[in-house]
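The values are calculated or read from the model by the stated rules, or taken from the named source; none is laboratory data. Note that the structure is a prediction, hence the values are computed from the model and not measured. Don't worry about glycine lacking a Cβ; one is built from the backbone with ideal geometry, like all the others, and counts go over all protein chains shown.
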Amino acid sequence: MVNVLSEEKKQQVLALGRLSWSLRRIEQETGVRRETASRYLRADGVELRGARCRRAPGSRAASQVSTGSGPDSKAASEVSTDLGGAVAASERAPPAPTRRATVSLCEPYRETIELGLSRGLNAMAIWQELVDEQGFAGRYSSVKRFVAHSRGTGSPEAFCVIVTAASEEAQVDYGTGPMVRDQKTGKYRRTRLFVMTLGYSRKSVRLLCWPSGSREWSELHEQAFRRLGGAPRTIVLDTCEKA
């Protein structure tokens, strides 16, 4: 039976193949069998690496021996029986090891991660979006390292910090949430994300709901108040999108 990959897993395999990863390494990182990865890479016109071991051009077998010093004698890389001949290949100094560059699993999702950073999301929120919406198979630590590296390459953006007294103010954001499977229809639907954050402690409550009206909007506030253990004096609506 031919394995059929999901679109997210297919794009991940193709992205690693374009970065010249070997089939063995792609299998270790993604869990996709080498035969399956090879089929998708060949179909996309990506040159394969690691499909088979190839001998270096011009190399000779170590068992060949040179017994003369004339013009027909073997190359210096082979074993020679002459006293003035070259040193055996086994006695030569080993070549300096080459360090293979490692590529983050987040690289194919760079644009999505940078977009999340521009929206003010932290590494945890970005990782959750990648898992929920794009089937990201990597761990949170991978996204955390990638985000830290991306932030280090740019200039930090200045922003204003508003300080309030305890129980004085809370801020509410209401916008687009992740795709969630509807238990009634079995299909994925776009949700709405309700976030209430206290101005003093920065403690927040995040709630998901389907697109709703004013009644559901009021019930979301009540649920947040219960989880916070009380209601602040002032609620500030921060650029809430229309439900």
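Observations, loosely collected:
- Here Ala148 passes the criteria (1) small (Gly, Ala, Ser); (2) farther than 27 Å from Arg189 by Cβ; (3) at pLDDT below 85 except the one numbered (3).
- Qualifying residue in the stretch 198-209 (condition: at pLDDT below 85 and crowded, with 17+ Cβ neighbours inside 10 Å): no
- As for the stretch 180-187, it holds no residue that is surrounded by 15 or more Cβ atoms within 10 Å (Cβ to Cβ) and over 27 Å from the mean Cα position of the chain (by Cα).
- Selection of the stretch 189-216 for residues being touching a Cys at 6+ places or on another chain (Cβ under 9 Å) and either assigned to a strand (DSSP E or B) or within 13 Å of Val172 (Cα to Cα) (or both) yields Thr191, Arg192, Leu193, Phe194.
- Residues of the stretch 176-234 classified as over 25 Å from Gly116 (Cα atoms) and among the charged types (D, E, K, R), total: 10
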